[in-house]
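A short reminder: the numbers here are calculations on the coordinates, not readings from a lab. Because the structure is predicted, anything quoted here is derived from the model rather than measured. For neighbour counting, all protein chains shown are included, and Cβ atoms are generated from backbone atoms with ideal geometry for every residue, glycine included.
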Amino acid sequence: MTVEVAGTILRGREFDPVEGRVVVEDGEITAIEEESVESDRIVLPAFVNAHTHIGDSIAKEAGAGLRLEELVAPPDGLKHRLLRQADREDLVAGMARSLRFMRETGTGAFIEFREGGVEGVEIIEDALEGVDIEGVILGRETVDAMKIADGFGASGANDADFAAEREATRDAGKLFGIHAGEVDDSDVEPAMDLDPDFLVHMVHATEGHLDRVEREEVPVVVCPRSNLVTDVGFPPIEELAERTTVALGTDNVFLNSPSMFRELEFAAKLTDLGDRELLRMATVAGADIAGLNCGVIEPGRDGRLLVLDGDSHNLTGTQDVVRSVVQRAGVSDVVGMISYND
């Protein structure tokens with residue numbers, strides 16, 4: 001099956017705006033044809049949400065005023081109690097609604113830290129049925145969960161000894177990610193001692209931690225909206241970006257809407273990073289961390305594309321397409337998604 005989409009195309013890792021068509025054949029980008037076209041559409045890679053907890057969809061805005069540990073710390077934080085109390089049908093339905101919302105707001109793939117062991121992985125697999133979005137699922141709590149998932153997502157080095165889980169993921173050739181430096185810096189060094197494939201948060205990274213991240217080439221996923229909601233601080237995004245690959249995630253659904261438009265604009269308003277660098281954090285950086293073949297428009301890549309209406313009330317008259325995507329675009333500007341099944 002061949003799909004062509006015309007407009008202003010944000011091509012390659014630099015998102016160079018070119019007028020023309022993207023040709024997708026059997027789910028793969030085969031050509032970018034530069035030519036004059038009569039289209040106001042903006043074509044960019046679909047977002048990659050690099051850190052989610054989709055299971056929290058059953059408890060949106062729960063726990064206002066609670067400290068982070070009271071909200072999410074295993075095993076008795078509010079979210080874990082609510083997840084244990086919920087029945088499977090409600091969990092699947094809540095996750096499916098969030099996944100559909102994510103796709104409607106431009107997300108083509110995501111990396112999920114999935115609570116609930118083996119059953120938790122099976123639940124989100126059920127929720128993904130019929131939703132054309134690519135999930136990289138990292139099991140939690142047991143090695144058996146990792147075996148049926150795409151890897152293991154650890155809560156934090158102060159919570160448990162994850163050496164066995166790290167060894168198991170390494171043997172299986174799967175991803176190992178771990179939260180670090182969210183509440184304070186006490187778990188950063190032990191997390192890095194595990195030689196993770198990526199870290200999440202790093203709000204309290206010291207200069208020494210930043211140097212080690214650079215030296216060991218460890219990617220980091222930042223979730224700035226979540227960090228401010230839980231009052232733990234703001235991650236040193238600029239400093240991290242100088243040293244390593246940085247991707248954006250929306251974190252817990254019960255704390256934040258899983259909209260990458262919101263995360264991207266928020267990060268743009270609170271950092272001095274360039275618009276292209278920020279857009280890379282929302283697209284190809286997450287894909288690189290997860291080992292996915294999407295996140296950038298170039299031949300040979302998976303054809304997961306986001307199409308915006310450049311003549312919407314919000315975007316018409318833009319003088320800088322990339323800046324408009326980063327700073328002002330939103331769900332009302334979405335024309336649709338191009339992906340494997342379209």
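Just a few scattered comments:
- Rounded to 0.05, the FRET efficiency of the R67 and D40 pair, given R0 = 51 Å and the Cβ-Cβ distance, is 0.60.
- Rg/Rg_globular for the stretch 91-227, with Rg_globular taken as 2.2 N^0.38 Å and Rg from C-alpha atoms: 1.08
- For the stretch 229-324, the Kirkwood hydrodynamic radius from C-alpha pairs, put into Stokes-Einstein at 20 °C and a viscosity of 1.002 mPa s, yields a diffusion coefficient of 142 µm² per second.
- Listed values for the stretch 182-190 are Karplus-derived 3J(HN,Hα) couplings in whole Hz (6.51 cos²θ - 1.76 cosθ + 1.60, θ = phi - 60°), namely 7, 8, 7, 9, 5, 9, 6, 4, x, and x replaces Gly and Pro.
- D126/Q319 FRET efficiency (R0 45 Å; Cβ-Cβ; nearest 0.05): 0.45
- Computed from label points 7 Å out along Cα-Cβ, the spacing between F234 and D159 is 2.7 nm.
- Straight-line cross-link partners of K147 among the lysines, defined as a Cα under 18 Å from its Cα and at least 8 positions apart when in the same chain: K174.
- The ranking of S186, S257 from fewest to most other beta carbons within 10 Å of each one's beta carbon is S186, S257.
- The stretch 1-72 and the stretch 134-191 have their alpha-carbon centroids 27 Å apart.
- The F266 and E298 beta-carbon pair, evaluated with R₀ = 30 Å, returns a calculated FRET efficiency of approximately 0.60.
- Shown for K174, K269, K60, K79: other C-beta atoms within 10 Å of each C-beta, ranked fewest to most, produce the order K269, K60, K174, K79.
- Separation of the stretch 247-314 and the stretch 215-246, taken as the distance between their Cα centroids, equals 15 angstrom.
- The calculated pair-distance distribution of the stretch 148-294 uses every alpha carbon pair, bins of 10 angstrom beginning at 0, and gives 12, 43, 37, 8, 0 percent.
- Virtual spin-label span in nm between R170 and Q327, 7 Å along Cα→Cβ: 4.6
- Positive-end residue, the stretch 235-296 charge dipole about Cα centroid, Cβ charges, pick of L292, A267, L240: L292
- Cα lying deepest toward the dipole's positive end in the stretch 81-207, options A157, A168, V121, charges on Cβ: V121
- The value given for the chain is a Kirkwood hydrodynamic radius of 20.2 Å, derived from the mean inverse Cα-Cα separation.
- Amide H contacts under 5 Å for A247: V220, V221, V222, restricted to partners 5 or more places along the chain or on a different chain, H placed in the peptide plane at 1.01 Å from N.
- Here the stretch 86-170 is treated with +1 on each Lys and Arg Cβ and -1 on each Asp and Glu Cβ, and its dipole about the Cα centre works out to around 280 debye.
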